[in-house]
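Student: Next up is a structure, given as structure tokens.
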Amino acid sequence: MWADLIHVDMVLLARVEISDIAANAFHRRALWESAIVSYGRMAVSDRRRKLDHDDLLREARGARGVEFNDILMNWRNSHVAHRLSQDIESVTVFADYLHDAPDVLDSIGVSVSAAGGPSNDSPMVVEFTEHVKALRDTLWSSYLAPPAELIATRGPQGVMNPAVDEPADRMTLHLTLWSRVNGTGM
């Protein structure tokens with residue numbers, strides 16, 4: 001969950017750096033969809049954790065957290081994952097006839113118009129960024145830092161420094177839950 005929130009935050013930050021012009025439409029759309037997919041994964045991939053996603057939403061932002069989660073999941077389910085929303089994507093099929101012979105079919109075409117995601121300054125993107133930060137801060141202060149503090153204060157219980165040898169083509173997130181110098185950072 002933490003890694004997904006960090007990913008969403010970093011992708012939204014990267015998207016702000018890409019100008020909202022036609023030449024960047026695919027890049028901006030890819031970043032937007034990456035943020036939505038990562039957020040959605042956090043919401044639906046809950047088999048290996050004991051933290052309930054709705055509890056985190058309520059603790060971080062109250063009823064608005066749950067409501068805004070529904071808006072984001074609608075983006076995921078109705079457009080990014082399944083392309084169901086006509087508000088976000090439209091498909092038009094058209095027939096073209098010869099100008100000299102209007103009864104003679106010349107070609108059949110299709111036009112697909114898909115949104116690249118809202119503009120960076122739109123209320124949705126602003127709230128999405130704030131929503132992710134609130135979830136991340138709540139996850140840290142309520143669920144990650146307390147057990148780290150407990151482990152740190154009860155003293156060493158053995159070696160807990162596994163060797164990490166990740167392939168170079170992976171994104172690896174290392175999180176310091178507690179340090180001698182900073183504690184939990186709270």
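The values are calculated or read from the model by the stated rules, or taken from the named source; none is laboratory data. It should be emphasised that the depicted structure is a prediction, and the values quoted were computed from it without experimental measurement. For neighbour counting, all protein chains shown are included, and Cβ atoms are generated from backbone atoms with ideal geometry for every residue, glycine included. The accessibility values were calculated without ligands, DNA or RNA, using every heavy atom of the protein model including side chains. Shrake-Rupley method; radii C 1.70, N 1.55, O 1.52, S 1.80 Å.
Student: With every protein chain kept in the model, how would you rank R49, R180 by accessible area, 1.4 Å probe, largest at the top?
Tutor: R180, R49
Student: What number comes out for accessible area per residue over the range 88-131 if the probe is 1.4 Å? Units Å², please.
Tutor: 66 Å²
Student: To the nearest 0.05, what FRET efficiency results for R47 and V93 with a Förster distance of 30 Å applied to their C-beta separation?
Tutor: Once rounded, the FRET efficiency stands at 0.10.
Student: Continuing with the same structure: Can you give me the solvent accessible area of S141 with a 1.4 Å probe, rounded to the nearest 10 Å²?
Tutor: 50 Å²
Student: Can I ask one more? Might you work out the accessible area of T129 for me, using a 1.4 Å probe with all protein chains in place, and round it to the nearest 10 Å²?
Tutor: Result for T129: roughly 50 Å² accessible.
Student: Order E127, E149 by their accessible area, 1.4 angstrom probe, all chains in place, largest first.
Tutor: Listed by decreasing accessible area, they come as E149, E127.
Student: How much accessible surface does V125 have with a 1.4 Å probe, in Å² rounded to 10?
Tutor: Using a 1.4 Å probe on the heavy atoms, I get roughly 10 Å².
Student: Run the quick spin-label model on E130 and V110: label points 7 Å from Cα toward the beta carbon, then report their separation in nm to one decimal.
Tutor: It works out to 4.0 nm between the two label points.
Student: Out of the total accessible area of the chain (probe 1.4 Å, heavy atoms of protein only), what percent is carbon and sulfur?
Tutor: Taking all protein chains in place, the chain shows 54 percent carbon and sulfur surface.
Student: Enumerate the residues in the range 106-145 having an amide nitrogen under 20 Å from the point lying 7 Å beyond the Cα of N74 toward its Cβ.
Tutor: Those under the cut-off are 114-132.
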